[in-house]
Amino acid sequence: MKKLILFASFGLLGFFLACTNTKTNEQATEKLKNDSIRKVVSVIFAALPAEAPNPENQVTAEKTALGKILYFETRLSKKGNNSCNSCHNLNTYGVDNKSTSPGDEGKLGGRNSPTSFNSALQFVQFWDGRAKDVEEQAGGPVLNPVEMNMPDKAFVEKKLASIKGYKELFAAAFPTDKNPITYENLKKAIGAFERTLLTPSPYDAWLAGNDSAITAQEIKGLQTFMSSGCNACHMGSLFGGSMYQKFPLFGDQKTWLKTEKADEGRFAVTKAEADKYMFKVPILRNITETWPYFHDGSVKELHVAIDIMAQSELNKKLTPEEITNIAAFLKTLKGNLSDEVKKAPALPGI
Ligand code: HEC
Ligand code: HEC
């Protein structure tokens, strides 16, 4: 009897050993597979950088603190209805989730508000690339009649100077300037703040070697994203924001977006025939949160946007499963917004 028990225990032990062995083997194979995919994709989609520096506008704590206040400052709009945060809400991934946004007078703009998160890392700003960086971009909305509608730069400077708290805030942010409350410095402070709006995500954790940061289905989606050719345009650490491309390459824009009037994109800026229907390839970081999609915000659902992209840019019809997997992968580009980032600052009193 004793012998039998002993025999049975050895048998069991052997069985357990065999099991753990297959398990370790499977894990090892999985790890190898992960590592080889990682090697390929890290070249095409690098990890999100930790910083977005600009040699001409050093990011300092004082500047970003002022920039955040200005980002929330409704007194920078003529009627006091609007701040940057109205359309690029830091609680909702830097967008307002509207097709197009109402400005200070309630009038709707012509294009969808893109996210302010990670935006500083793009090669140019706006759907048509008409601003070279976030500093230049920040000067636009305040004076734009359908956005914040202030009459001119001097008016904005006077207004800021009339609010007591800004004197100290600008002096701290621009300590070597004799007269720091200027429109140029407003742009620099907001730009510096936007340079801090970076959102590393599970994709970056996976790229750094954490295999469990993303699931097998999500990896499948990443492979489909590449085998379909999405990465030809959506590349780099932002999965976009590094080039202009035509939308659409196949078919008609009005049909894809079900609209009356096509947007000619960059053509409106350059008047060059080659720029007709050219747009900056948008970034896909946090894309699950920044609906509705496309330059006119006409598409609410991500799977519809993916389907349109495959057909209009690649002349391919994806299966529902391929679309689901790509969408699952895109969710790994969603970062975490800290309470600190989301918190509205106290605005200086009169
Ligand atoms: C009324 C809504 C509204 C307000 C207010 C507003 N924006 Fe925008 N913003 C937009 C729209 C719409 C676009 C895209 C316009 C285009 O590309 O033609 C845009 C574009 C941008 C971009 C470019 C993003 C990219 O991916 O190209 C940045 C950055 C930005 N805004 C920051 C700001 C800042 C900073 C402020 C405050 C000074 C501000 N916005 C105020 C609606 C708004
Ligand atoms: C030939 C270049 C190109 C290819 C290939 C491409 N895209 Fe795009 N993508 C663009 C451009 C340009 C836009 C902006 C179109 C517009 O709104 O005018 C865009 C927009 C998008 C949007 C909407 C982004 C937003 O913020 O509204 C998503 C999502 C997207 N692409 C995903 C994909 C996927 C998934 C694939 C592969 C199936 C893909 N794209 C292939 C160029 C491309």
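Here are some notes:
- Qualifying position, being free of Cβ contacts under 8 Å to residues at least 24 places away in the same chain, near ligand 2 (Cβ under 7 Å from one of its atoms) and part of a helix (DSSP H, G or I), among Ala310, Ala305, Ala274: Ala305
- Lys261 of a type in the set (Lys, Arg), assigned to a loop (DSSP other than H, G, I, E, B) and either outside the structural domain of Gly110 (by TED's automatic domain parsing) or surrounded by fewer than 20 Cβ atoms within 10 Å (Cβ to Cβ) (or both): yes
- Qualifying residue in the stretch 212-231 (condition: in a helix (DSSP H, G or I), within 12 Å of ligand 2 (Cβ to nearest atom) and among the aliphatic types (A, V, I, L, M)): yes
- Residue match in the stretch 162-175 (condition: away from ligand 2 (no atom under 16 Å from the Cβ), in a helix (DSSP H, G or I), closer than 14 Å to Leu70 by Cβ and touching a Lys or Arg at 6+ places or on another chain (Cβ under 9 Å)): yes
- Annotation: Pro145 fulfils all but one of (1) at pLDDT below 95; (2) not in a loop (DSSP other than H, G, I, E, B); the unmet one is (2).
- Annotation note: of Thr74, Thr100, the sole residue that is touching a Lys or Arg at 6+ places or on another chain (Cβ under 8 Å), surrounded by fewer than 22 Cβ atoms within 10 Å (Cβ to Cβ) and at pLDDT 95 or above is Thr100.
Listed here are the residues, each with its yes/no results for (1) surrounded by fewer than 17 Cβ atoms within 10 Å (Cβ to Cβ); (2) closer than 30 Å to Leu160 by Cβ.
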| position | (1), (2) |
| --- | --- |
| Phe279 | no, no |
| Glu301 | yes, no |
| Ile323 | no, no |
| Glu340 | yes, yes |
| Pro345 | yes, yes |
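- Only one of the listed residues (Ser113, Ser99, Ser119, Ser86) is polar (S, T, N, Q), closer than 23 Å to Ile283 by Cβ and more than 13 Å from ligand 2 (Cβ to nearest atom). That residue is Ser86.
- When residues of the stretch 84-118 are limited to those that are within 6 Å of ligand 1 (Cβ to nearest atom) and under 13 Å from the mean Cα position of the chain (by Cα), the one farthest from Ala52 (Cα to Cα): Ser113
- The set of residues in the stretch 127-150 being within 16 Å of ligand 2 (Cβ to nearest atom) and either without any contact (Cβ under 8 Å) to a residue 40 or more places away in the chain or surrounded by 19 or more Cβ atoms within 10 Å (Cβ to Cβ) (or both) consists of Trp127, Asp128, Gly129.
- Candidates Gly265, Gly221, Gly241 - the one that is modelled with pLDDT of 95 or more and away from ligand 1 (no atom under 16 Å from the Cβ): Gly221
Listed here are the residues, each with its yes/no results for (1) assigned to a helix (DSSP H, G or I); (2) in the same structural domain as Glu136 (by TED's automatic domain parsing); (3) at pLDDT below 95; (4) loosely packed, with under 15 Cβ neighbours inside 10 Å.
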| residue | (1), (2), (3), (4) |
| --- | --- |
| Lys3 | yes, no, yes, yes |
| Phe10 | yes, no, yes, yes |
| Gly14 | yes, no, yes, yes |
| Ala18 | yes, no, yes, yes |
| Asn21 | yes, no, yes, yes |
| Thr24 | yes, no, yes, yes |
| Thr29 | yes, no, yes, yes |
| Glu56 | no, no, no, yes |
| Gly67 | yes, yes, no, no |
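- Test: residue in the stretch 190-207 that is without any contact (Cβ under 8 Å) to a residue 24 or more places away in the chain and within 30 Å of Phe239 (Cα to Cα): yes
- Odd one out for Met235, checked against (1) in contact (Cβ under 8 Å) with a residue 40 or more places away in the chain; (2) more than 15 Å from ligand 2 (Cβ to nearest atom); (3) within 17 Å of Leu333 (Cα to Cα): (2)
- Note on the stretch 60-81: among residues that are of a type outside the set (A, V, I, L, M, F, W, C) and near ligand 1 (Cβ under 10 Å from one of its atoms), the one that is nearest to Asp152 (Cα to Cα) is Ser77.
The values are calculated or read from the model by the stated rules, or taken from the named source; none is laboratory data. Keep in mind the model is a prediction, meaning the values are calculated, not measured. FYI the Cβ positions are ideal-geometry reconstructions off the backbone, even for glycines, and counts take in every protein chain you see.
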